[in-house]
Amino acid sequence: MHKIGRSVFTLAVLGAAVVACQAQSMMTHQVRDLIRNGQAQSNGRLPQNQMMNLDIVLPVRDQAGLDRFVAEVYDPSSANYRHFLTPQEFTARFGPSEADYNAVLQFARTNGFTVTGGSRDGMDVQVRGSVAAVEAALHVRMQSYKHPKESRNFFSPDQEPTTDLAFNLWHVSGL
């Protein structure tokens, strides 16, 4: 391979590595509208040792296939009309792969969370961890905010969370 060819190849490999290493986001919004539009004022960060319970929800593997299947289930002219799936059948066709589910388990443990529940059929991993672990794993700062219209405070991440997983998560409940 000549010098220019090696340079192009090296740039392509580096570009692929950068894309693979970029943080992945959630498929749903985690930051409340009151924070996004500036209505809620921060009271400061949550204590780093405060414990949080989260539910990490994985996305379906084949959204387009699931959409087609659901349409067929309710179409009387389809061979799949009223052919509902068991949780195991749904997981096999549309749920997260075993590798993706295991990657989330490993992600949770590596980032200091205790896995407390969840299942591949349920497409979720339930975890417990400190605010410090949440902030480090999800690249956020957990803040307390004063509600602008109600006499209460609430907590939320300061920005949309991201992970170092190779795929997007659907949602993280409990933030």
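The values are calculated or read from the model by the stated rules, or taken from the named source; none is laboratory data. Everything numeric in this text was worked out from a predicted model, so none of it was measured. We place every Cβ from the backbone using ideal geometry, glycine too, and count neighbours over all the protein chains shown. The protein model used for the area step is the full one, side chains on, heavy atoms only, and it has no ligands, DNA or RNA in it. Shrake-Rupley method; radii C 1.70, N 1.55, O 1.52, S 1.80 Å.
Figure legend. Inter-residue proximity from region 119-146: first residues under 14 Å from THR163 (Cα atoms), second residues assigned to a loop (DSSP other than H, G, I, E, B) and open to solvent by less than 10 Å² (accessible area, probe 1.4 Å), beta-carbon distance below 6 Å, spacing 6+ or different chains. Indicated pairs: LEU138/PRO161; VAL140/PRO161. Taking region 59-175 and the strands (runs of 3 or more DSSP E) fully enclosed by it, the elements with 2 or more residues that are closer than 27 Å to GLY38 by Cα are at 142-146, 153-157, 171-173. Going by what's in this entry, would THR86 be described as over 18 Å from THR28 (Cβ atoms), at pLDDT 95 or above, of a type in the set (Ser, Thr, Tyr) and surrounded by fewer than 16 Cβ atoms within 10 Å (Cβ to Cβ)? So THR86 fails the test. The single condition among (1) touching a residue at least 40 places away in the same chain (Cβ under 8 Å); (2) surrounded by 15 or more Cβ atoms within 10 Å (Cβ to Cβ) that THR116 does not meet is (2).
Name the residue that is most open to solvent (accessible area, probe 1.4 Å), counting only residues in region 44-58 that are in a strand (DSSP E or B) and over 23 Å from LYS146 (Cβ atoms).
ASN53
Here LEU34, LEU105, LEU66 are screened, and the one residue that is open to solvent by less than 50 Å² (accessible area, probe 1.4 Å) and at pLDDT 95 or above is LEU105. Kindly indicate the residue of region 46-99 that is in contact (Cβ under 8 Å) with a residue 40 or more places away in the chain and more than 24 Å from SER130 (Cα to Cα) and also farthest from the chain's Cα centre (by Cα) among those meeting that condition. Per the stated criteria, the residue is VAL60. Do we find a residue being farther than 20 Å from LEU105 by Cβ, at pLDDT 95 or above and hydrophobic (A, V, I, L, M, F, W, C) anywhere in region 152-172? Checked region 152-172: no residue is farther than 20 Å from LEU105 by Cβ, at pLDDT 95 or above and hydrophobic (A, V, I, L, M, F, W, C). Of all residues in region 69-83, those satisfying the criterion of being of a type outside the set (Ser, Thr, Tyr) and open to solvent by 90 Å² or more (accessible area, probe 1.4 Å) are PRO76, ALA79, ARG82.
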